[in-house]
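Inspection log for the structure reproduced underneath, given as structure tokens.
The values are calculated or read from the model by the stated rules, or taken from the named source; none is laboratory data. Being a predicted model, the structure only gives us computed values, none of them experimental. Glycine also receives a Cβ, built like all others from the backbone with ideal geometry; neighbour counts cover every protein chain displayed.
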Amino acid sequence: MIKHLYLASVSILLFVSCNSHKEEEKHSHHHANYVTQLKNIEKKDVGNGEFVYQMEGKDLDFQSLSFAITETNPGGGPPLHTHTSEEAHIVMDGNITYVIGDSIFNVNGPFVTKVPAGVPHTFINSGDTVINLIAVFPKDNFGKYNPVGKNPLIEKK
Ligand SMILES: [Zn+2]
């Protein structure tokens, strides 16, 4: 009981001292130098049931990284495409069917996929929930995204 009271009073003291030093303002200033909120990035409708937050390195002040975070609806996916750099996909949850080079395979999250530079690739969301796929490139320009054809996994209506 005494221990609980002690902890409660320490918490209150910490809370009061943070507020009195305007700790919050100071923190939000530093935060702005490091963090980009997705709500401040345009979410592009790229077609085929897919939306993408495209984060080119120069826009976020990265020197050698860029990112794309998708909202891929069931059955959706990008065109077949290549990059001049390798690419990593990070998926924490969901089911994806891939085409990478000559391989077609299905995988459940959580997983990381390695896409080698120059190899044509695409995927679709084979599950029934929206998937957030995080794509990471070791270049500031998405490794020059280059569409090379239709997504062979998407049937045209
Ligand atoms: Zn790609």
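Of note:
- Scan of segment 89-103 for residues that are under 20 Å from N151 (Cβ atoms) and either within 16 Å of the ligand (Cβ to nearest atom) or touching a residue at least 12 places away in the same chain (Cβ under 8 Å) (or both), ordered by number: H89, V91, G94, N95, I96, T97, Y98, V99, I100, G101, S103
- From the list F111, F67, the lone residue that is of a type in the set (F, W, Y) and in contact with a Phe, Trp or Tyr (Cβ under 8 Å, 6 or more places away or on another chain) is F67.
- Extreme residue, surrounded by the fewest Cβ atoms within 10 Å (Cβ to Cβ), among residues of segment 69-88 that are small (G, A, S) and away from the ligand (no atom under 11 Å from the Cβ): G75
- Counted residues, segment 1-60 - those being of a type outside the set (S, T, N, Q), modelled with pLDDT of 90 or more, assigned to a loop (DSSP other than H, G, I, E, B) and on the phi > 0 side of the Ramachandran plot: 1
- Restricting segment 120-140 to residues that are surrounded by fewer than 16 Cβ atoms within 10 Å (Cβ to Cβ) and more than 15 Å from the chain's Cα centre (by Cα) leaves a set whose member that is nearest to the ligand (Cβ to nearest atom) is T129.
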